[in-house]
Amino acid sequence: MKKLILAAITTACAASVFAQGTVVFNNRIGGTTHVYSGGTSQIQGNTAADNPAGSTVYGAGYTLIGTVGGLAASTTFAQLLGAPGAGVPEDSLLPGLPTTTFRTGGAAGNVSPTTATFANIPQDAANGSFEMVAWDNSSGLYPTWTQASVAWKNGLIMAGRSAEFTVASIGGQVNTPPNIIPGLTSFNIFFVPEPTTAALLGLGAAGMLIFRRRK
């Protein structure tokens, strides 16, 4: 009997050590946000058509993920990054699991719903800091954000990230997994300018500055 009790205590302790917080990864519940492709820089914010509504405008050249003629829903990946606490520095956010893809039709720009689990966030934590990231994985070479973020910075793929937001009452033994809306807002994915292009722009700007000083 004592052995059974000790075994139960040991199992419970082990479970608590590996307890993982959860949130609902769905940008079409509790409100609606969207992910677009296009542009040459990061845009973050809701449009008038989102819920809650915002004033951000994604104009000509921006296409909802999963729209005919745009990036394919099945090969555009999305993942949540998170960390315990509110207002955590962006570089402290770690990927949760699983990744997901996007939907089509009237739900274009919205992810296929799943529940994201975070090894670094305790169950039933008071709150957590999060970002949503998305990227083009049509090549099949970048199944996770860890790989995709490097490719993005090198100008190889389109990717982007939402503004950071806080979610309260993380899911666990007591709390049900909370929605990421209204915290999450819309954003776009885009190509980072090639290093050579960026370097040329920098040299051009420096040259203009020197020229003006000589005048």
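The set of residues from the range 81-99 being surrounded by fewer than 18 Cβ atoms within 10 Å (Cβ to Cβ) and either within 10 Å of the chain's Cα centre (by Cα) or hydroxyl-bearing (Ser, Thr, Tyr) (or both) comprises just one member, SER92. In this structure, is THR22 at pLDDT 95 or above and over 27 Å from PHE118 (Cα atoms)? So THR22 does not fit the description; no. For the range 114-130, filtered to residues that are surrounded by 22 or more Cβ atoms within 10 Å (Cβ to Cβ) and either closer than 18 Å to THR33 by Cα or among the polar types (S, T, N, Q) (or both), the residue that is nearest to the chain's Cα centre (by Cα) is PHE130.
Answer yes if at least one residue in the range 103-110 is in contact (Cβ under 8 Å) with a residue 40 or more places away in the chain, under 22 Å from GLY45 (Cα atoms) and among the β-branched types (Val, Ile, Thr), and no otherwise. Within the range 103-110 (the criterion being in contact (Cβ under 8 Å) with a residue 40 or more places away in the chain, under 22 Å from GLY45 (Cα atoms) and among the β-branched types (Val, Ile, Thr)), the answer is no, since none of the residues qualifies.
For the range 139-170, the set of residues classified as more than 17 Å from PHE118 (Cβ to Cβ) and either basic (Lys, Arg) or modelled with pLDDT under 95 (or both) consists of LYS153 only.
If the condition is being crowded, with 18+ Cβ neighbours inside 10 Å and closer than 16 Å to PHE25 by Cβ, then the range 137-178 contributes TRP145, ARG161, SER162, GLU164, VAL167, ILE170, GLY171, PRO177, PRO178.
Looking across the range 86-126 at every residue that is out of contact with any strand residue (DSSP E or B) (no Cβ under 8 Å at 6 or more places or on another chain) and not aliphatic (A, V, I, L, M), the one that is farthest from ILE170 (Cα to Cα) is identified as GLY105.
Quick check on ALA134: is it closer than 17 Å to ASN179 by Cβ and part of a strand (DSSP E or B)?
no
Given the condition small (Gly, Ala, Ser) and more than 13 Å from the chain's Cα centre (by Cα), answer yes or no: does some residue in the range 173-196 qualify? No, there is no match, as no residue in the range 173-196 is small (Gly, Ala, Ser) and more than 13 Å from the chain's Cα centre (by Cα).
The values are calculated or read from the model by the stated rules, or taken from the named source; none is laboratory data. The structure displayed is predicted, hence computed values, not measured ones. Using ideal geometry, Cβ is built from the backbone for each residue, glycine included, and neighbour counts are taken over all protein chains shown.
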